[in-house]
Amino acid sequence: MTQTASSGRLTLVRLAPEHAADAARLHILGQPGAFLTSLGADVLTVLYRTLPQSPVGFGFAAIDPARPQQLRGFVSATTSVGALFAEMGTRRLPAFLPPLLRRFVGRPALAVRATQTVIYPFLHPTPQGTTPPAELLSIMVEPALRSVGVGALLVMALFTECQQRGVDALDVTVDAANVGAQRFYVRHGFTYTDAFTLYGRAMYRYRAKIAAGSTRVQA
Ligand SMILES: CC(C)(COP(=O)(O)OP(=O)(O)OC[C@H]1O[C@@H](n2cnc3c(N)ncnc32)[C@H](O)[C@@H]1OP(=O)(O)O)[C@@H](O)C(=O)NCCC(=O)NCCS
């Protein structure tokens with residue numbers, strides 16, 4: 001999958017466990033002060049190593065073929081936040097516990113927020129009889145490469161994958177203060193659905209409808 005961004009020639013590959021440490025690096029650069037960032041590079045590395053190994057997790061990485069070990073950007077998503085968190089809280093717990101416990105020492109508020117994160121999807125289940133939307137979990141582009149179309153390549157690859165997985169809607173939660181990201185999502189067909197508070201911060205949820213049989217979002 002080779003794509004051209006105005007930044008030069010980039011290859012999109014599936015997000016893989018070997019991208020985890022660099023995905024964590026980009027996550028921290030892209031979301032300073034956010035809760036997941038506060039969990040630290042070790043926890044994020046386990047998260048990004050685990051996610052592509054899960055049947056409900058997927059994503060894409062933009063790499064420069066000349067430097068394949070360095071991510072220029074990535075996007076991650078899940079077809080079920082609940083199933084992903086359940087997997088992380090059970091089968092994958094041994095990988096998460098050591099870096100989490102190291103991080104929680106002396107920071108009890110972090111442990112409370114981590115618990116809020118894990119139980120959130122169970123408090124807001126999908127109504128019965130409706131197909132659950134997929135969730136865009138994170139999209140991060142190397143700061144020096146922003147605003148030249150890398151994010152657009154990543155989100156288009158994600159829409160195609162969602163369509164192939166039979167997903168008909170893709171949700172994303174964005175900090176209300178992150179107006180740049182909201183502009184980006186709206187440009188790619190997401191529309192505002194609702195607001196809620198998470199970790200004491202105002203969050204907005206946006207949704208893109210995925211058109212069946214097409215790689216384009218529905219207008
Ligand atoms: C949002 C982001 C993934 C978009 O990737 P990108 O490669 O810059 O996207 P594109 O070049 O296709 O589109 C550019 C648009 O992205 C948005 N954008 C650019 N820089 C941004 C930044 N620092 N923070 C948030 N959004 C930004 C703007 O809407 C921009 O449009 P504009 O040039 O008209 O202002 C990228 O900017 C980024 O990594 N931001 C920081 C992390 C983040 O906020 N992620 C989203 C929440 S999970």
Filter result for ALA134 (away from the ligand (no atom under 14 Å from the Cβ), small (Gly, Ala, Ser) and touching a Cys at 6+ places or on another chain (Cβ under 7 Å)): yes
First in region 12-28 and touching a residue at least 40 places away in the same chain (Cβ under 8 Å) and within 12 Å of the ligand (Cβ to nearest atom), second anywhere and of a type in the set (Val, Ile, Thr) and not in a helix (DSSP H, G or I), Cβ under 8 Å, 6 or more apart: LEU26/VAL141
Members of region 49-95 that are in contact with a strand residue (DSSP E or B) (Cβ under 8 Å, 6 or more places away or on another chain) and charged (D, E, K, R): ASP64, ARG72
Flag for ARG9 being surrounded by fewer than 20 Cβ atoms within 10 Å (Cβ to Cβ), out of contact with any Leu (no Cβ under 9 Å at 6 or more places or on another chain) and either of a type in the set (Gly, Ala, Ser) or at pLDDT 90 or above (or both): no
Filter result (within 12 Å of the ligand (Cβ to nearest atom) and closer than 23 Å to ALA114 by Cβ) within region 191-208: MET203, TYR204
Top-ranked residue of region 153-190 - restricted to ones that are within 8 Å of the ligand (Cβ to nearest atom) and touching a residue at least 60 places away in the same chain (Cβ under 8 Å), ranked as nearest to PHE35 (Cα to Cα): ASP175
Elements of type strands (runs of 3 or more DSSP E) in region 1-116, at least 3 residues being in contact with a Ser or Thr (Cβ under 9 Å, 6 or more places away or on another chain): 8-14, 57-63, 71-78
Long-range neighbours under 9 Å by Cβ, at least six apart or interchain, first residue under 25 Å from LEU51 (Cα atoms) within region 138-149, second basic (Lys, Arg) and at pLDDT 95 or above: VAL141/ARG72; GLU142/ARG72; LEU145/ARG72
Every residue from region 134-148 that is in contact with a Lys or Arg (Cβ under 6 Å, 6 or more places away or on another chain) and in a loop (DSSP other than H, G, I, E, B): GLU142
Neighbours by Cβ (under 6 Å, 6+ apart or cross-chain): first from region 88-110, under 14 Å from LEU44 (Cβ atoms); second of a type in the set (D, E, K, R) and surrounded by 11 or more Cβ atoms within 10 Å (Cβ to Cβ): PRO99/ASP42
Subset of region 29-45 (residues that are of a type in the set (S, T, N, Q), without any contact (Cβ under 8 Å) to a residue 60 or more places away in the chain and more than 12 Å from the ligand (Cβ to nearest atom)): THR45
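The values are calculated or read from the model by the stated rules, or taken from the named source; none is laboratory data. Nothing here was measured: the structure is a model prediction, and the numbers come from that model. Note: ideal-geometry Cβ built from the backbone for every residue, glycine included; neighbour counts use all protein chains shown.
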